[in-house]
């Protein structure tokens, strides 16, 4: 449907790009009319991330449930301000939803329109990662434009497994947060809201990300990782979180950021590779007792450990790497997940452009440059 | 090929299996005997929760103390209390570990560091703080464990104990055995902030949540927490998320549970089944090893029941003994 | 060597001597040191009435301040006792027993019995009792009867400095849980107390006065009232036996019965409220066991069935007086 407001907006934008001029804040609001039935956004908030053993063996902090609920409230307010009417959320019994209910009820009594309609996905609550899978699938099926994730690397990985092409926006509330950004949630909410309502071109709003795929025996068992696949000589899953560094032998990363903690920091401190760079990194490690090549790595909050480094090389996308290690444990994004023995063939492959994330920084820069929020509050879109 | 990937030896793993199996068979048998009408009073069964008691107790030494809940049989067995003595106590016989004077809810053996099951929920937490205080004075790295249920974690005694343990830096570990139900009331309703870990932070100590039906997860997490306490790192809270197979007490029809819920958890979340699967898949123990163990356990339980049934009841003279050391 | 010290000092001395003798004797309470974590003096208070002052300097790691958390720290004292220590925990006012009573009566009192004899809980809970300083309803009660009622607990209530020291040392050495009641209005009272360590055994009432006409039984602050009444009555030609019970559980009924069998007349003086008290307990036991010796009804002199009032005029009426004891004695004649 053609709408003259679109023309005005485009002209204004073009004008601003060509010639900086004083801003007239009383100018028409830059709203786009989108032909969609219900724009909605999904939220997956994990109530139990950051409650693992690293709270005891390292100095991991844990975000209280009430703080997580507050983060969700910030995101809700922000997406509502961008015109998103409906938010679909994963139900849980960890306390977030009951706090939200209380907060939203209070708002309703005050007749405030700061928040969108909040609905829970009609999925089971088992208190396990299955809830995340089920809820994410339900959100994808219902056509959400984006999914906001509150959790650590593990939670983001679970969502990414199921979200398909729906872009995700991460907010870190876990222990290991190599994947999601550390950012003010209100801003993440604004970026998601503006992107979801189509006010920001997809080429700006969304980034394509790499991921790692682990296949055991040609797919008999398989799983993914968003940041790192770590192979350890340890042989059992136990309490899942990985923190002992003396038995790490191989690490594959999608990106190697020296500014994050966790296993990927091993790669990041050897050869930084950004999220946008081609390929990843594959590092071979040794027992630090027997090698001279050592590296000091911030492996967990407050915990700087020593690893032994043998060598590293670029990890090319699309090419399966067979593991050197004959048996051990594979940790995905910092959590022990898969055991394998000498009878198993394990392959790790890097894929590019595998899933989408909301590029919050780019969205907000675009918003500022194009003055998308100049004007009256944005209308709710769709009925 | 059976090289051992676990941080426990084959014999230790067999012992652990035996402990968990003993708890399971003990509780299942008590359930049967109770329904026959020979067991007086109240009984609260631990079946389904074995991985928690065993995963934690495997780290304990003789001089470490534990304060238990009303659901104490599992803690007793894992701490090494004599099974026959326990069965006799539950039947109220003179040969019981408490001479028939305590019963299931007060079952204890201080010689084994088991400071008692407690009929008052939450009452064990301050007692465990006391045991930890005494351990601190002994200065040998001993610790104390306070077991509470999800419901008792709302008691003032528990919350006060968290505070006291933190300010005195006591070597005590608070274990919240969260099986989702406080009697008939769901934990989701009863616990504000829905998180024991957040409560722990509120009282100045770290909290860790672990799957209480996974022996190895409990074992590893408990190991680190207990080591921290022994080394002067102070108290921590460990939440074991688990399930109980039976009702709050024997006779509880569990109408507050969803239909099929118990059958479902027995099928899908049985900690003994998952332990067996893990150790046999790794080739460390064989199915035959486990079955042989099962047989031994069943005959131990059988013996415990028959000797309990045959044992004498306490007599009138026993009524007045042990009120005081001397009066 | 005896010298004159106060009731409060006698208690301090008992604690000091026992802490020196036995490192497993640990003292804890709210402000027992007073000042932990605060920038001013260490040992700023030494207890709310200064009873434990000076102990911190001598026995540093054997005394600790507790948070405002009776069920936790009284429970911890009990747990530590069950693990081989000999803690002396202060429950500041007996009126506060409500917040920690479970640990005392369901745990400490019952361990030995419930656990078939294996447990020993040598804990002492020192606590202030009684009225007389306008501390009003929630800080002035005499709740000894509630503890006396519980099998497994021992209850001690000295009336003078000499008894206070000996009974406290005995309480600390005793292997059962003891509730050691210190009357707050007696702290300043002075008396002869030996320097050296000594014990007074439990269940040994003290015959303060021999008379032969009437038996007056009392404990705590009421002993003084009974003695004063006895003096007044002596001028009227009535000679009273005055018996200080000293310990309420175990109780020395033998001494009481012996006296009543001789006098035939009993007056029991009890600062507590009248229902289900030490007074009714002693009266009932005497009525049952010495009925034939009684020549008159048993009289009880107690507080009224009310909370402790605040105003001086009312509090003076609340606490049994010498006169009311004398009046009661005369009723039996």
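Rounded to a whole number of µm²/s, how large is the Stokes-Einstein D of the protein assembly as shown at 37 °C and 0.692 mPa s, given Rh as the Kirkwood radius over C-alpha pairs? The Stokes-Einstein estimate is 99 µm²/s. Most mobile of B:317, B:200, B:128 per a Gaussian network model of chain B (Cα springs, under 10 Å)? Ranking B:317, B:200, B:128 by mean-square fluctuation puts B:317 first. Relative contact order of chain C, taken over Cα pairs closer than 8 Å and 6 or more residues apart, is 16 percent.
Spatially, the range B:164-203 and the range C:1-79 are offset by 32 Å when compared through their Cα centroids. Relative to one another, the C-alpha centroids of the range B:51-96 and the range A:311-350 are positioned 44 Å apart. Pairwise Cα separations in the range A:244-383 fall into 10 Å bins from 0 onward with the following percentages, short to long: 10, 32, 28, 12, 10, 6, 1.
Per residue, the protein assembly as shown reaches -10500 deg cm²/dmol at 222 nm when only DSSP H runs of four or more residues are counted, each adding -39500 (n - 2.57). Short-range pairs are left out: with C-alpha atoms under 8 Å and at least six residues apart, the relative contact order of the range A:210-354 is 31 percent.
With Cα atoms as the point set, the radius of gyration and Dmax of the range A:99-142 evaluate to 13.7, 37 Å. Its convex hull of Cα atoms gives the range C:243-333 a direction-averaged projected area, equal to a quarter of the hull surface, of 6.2 nm².
For helix A:4-18, what angle does its Cα long axis make with the longest principal axis of chain A, in degrees from 0 to 90 and rounded to 10? Once rounded, one gets 60 degrees. Secondary structure note: in the range B:10-320, about 10% of the DSSP beta bridges are antiparallel.
Here r is the Cβ-Cβ distance between residue A:218 and residue A:126 and R0 is 30 Å; the resulting FRET efficiency, rounded to 0.05, is 0.50.
By DSSP, the beta bridges lying fully in chain C are antiparallel in about 25 percent of cases. Distance between the pseudo-spin-label points of residue A:117 and residue A:61 (7 Å out from Cα toward the beta carbon): 3.7 nm. The Cα atoms of the range C:51-161 give a gyration tensor whose axes a ≥ b ≥ c have a/c of 1.5 or more with a/b no greater than b/c, which makes the shape oblate.
Normalised by 2.2 N^0.38 Å, with N the number of residues, the alpha-carbon radius of gyration of the range B:10-320 equals 0.96. Here is the P(r) of chain C: all C-alpha pair distances, binned every 20 Å from 0, give 32, 57, 11, 0 in whole percents. Here each label is just a point 7 Å from Cα along the line to Cβ, and for residue B:184 and residue C:20 those points are 6.2 nm apart.
Within 10 Å of each Cβ in peptide B:129-141, how many partner chain Cβ atoms are there on average? Round it to a whole number, please.
Numbers: counts 8, 18, 7, 4, 11, 11, 3, 2, 9, 4, 0, 0, 0.
Average per residue, whole number: 6.
Counting only alpha carbon atoms, the long axis of helix A:96-109 and the longest principal axis of chain A meet at about 10°. Distance between the C-alpha centres of the range C:273-318 and the range B:97-127: 38 Å, rounded to the whole angstrom. Once the Cβ-Cβ distance of residue B:139 and residue A:351 is raised to the sixth power relative to R0 = 45 Å, the FRET efficiency obtained is 0.20.
Let me know the whole percent of all Cα-Cα pairs from the range B:1-95 that are separated by more than 21 Å. Provide the component values of the computation, followed by the final result.
Values: 1626 of 4465 pairs.
Tail of P(r) above 21 Å: 36 percent of Cα pairs.
Between residue A:208 and residue A:184, the simple spin-label model (points 7 angstrom out along Cα→Cβ) gives 3.3 nm. Computed from Cα positions, the angle between helix A:153-162 and the longest principal axis of chain A comes to roughly 70 degrees. At q = 0.07, 0.08, 0.13 Å⁻¹ the log10 of I(q)/I(0) for chain A amounts to -0.35, -0.45, -1.04, computed by Debye summation with a single uniform scatterer per C-alpha, solvent ignored. Between residue A:371 and residue A:133, the FRET efficiency from the beta-carbon distance, with R0 = 51 Å, is close to 0.80.
Given springs between every Cα pair under 10 Å in a Gaussian network model of chain A, which of A:53, A:266, A:330 has the largest fluctuation? Maximum among the listed residues: A:53.
Coordinate-derived values only; no laboratory data. Only a predicted model underlies this, so the values are computations on that prediction, with no experimental measurement involved. Because the Cβ atoms are built from the backbone with ideal geometry, glycine has one as well, and the counts that use them run over all protein chains shown.
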